[in-house]
1. Each residue of region 60-69 in turn: what ³J(HN,Hα) in whole Hz from Karplus with 6.51, -1.76, 1.60 and θ = phi - 60°, glycine and Pro shown as x?
2. I'd like the Karplus ³J(HN,Hα) series for region 83-88: coefficients 6.51, -1.76, 1.60, θ = phi - 60°, whole numbers in Hz, and an x wherever there's a Gly or Pro.
3. What is the fewest-to-most order of 81, 88 by other Cβ atoms lying within 10 Å of their Cβ?
4. So for the pair residue 13, residue 35, with labels modelled 7 Å out along Cα→Cβ, what separation do we get in nm?
5. Would you calculate the separation in nanometres between label points at residue 72 and residue 56, each defined as 7 Å from the Cα along the Cα-to-beta-carbon direction?
Amino acid sequence: MSELKRPEAEEVDIYILQDEEGNEHEFELIGTCEKNGVKYYAMIAVEDADKEDEVCEYTILKTVIENGEETLVTIEDDDEFDDVADYFDDFFSSEIDYDQQ
């Protein structure tokens, strides 16, 4: 069984991630879950985090152990990505209050 965890409203976890070209980008953690023994992180770019009136895309990364350290990496397997993306999409869509729109 997997459980989705979302940071408390007053908590903001910021991660600085490096892309393939070595550029650094700031991401805000919006949720985590663990499925099949793997921890996944849903993150949104900090520059998009304050856009409350817009639907923003989020990034999903997973943890792997490399050289004894936990590292966040992209999900290469399409089926694995689709499964985790569906899980996060279901959770985030259940939190939307359609009456306020």
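What follows draws every value from the coordinates through simple rules; no lab data is involved. A quick note: this is a predicted structure, and the numbers were derived from the prediction, not measured. Reconstructed Cβ throughout: ideal geometry from the backbone, glycine too, with neighbour counts over all protein chains shown.
1. Result, rounded to whole Hz: 10, 10, 10, 8, 9, 9, 10, 6, x, 10.
2. Once rounded to whole Hz, the list reads 4, 6, 4, 4, 4, 5.
3. 81, 88
4. Each label point lies 7 Å from its Cα, and together they span 1.8 nm.
5. 1.3 nm
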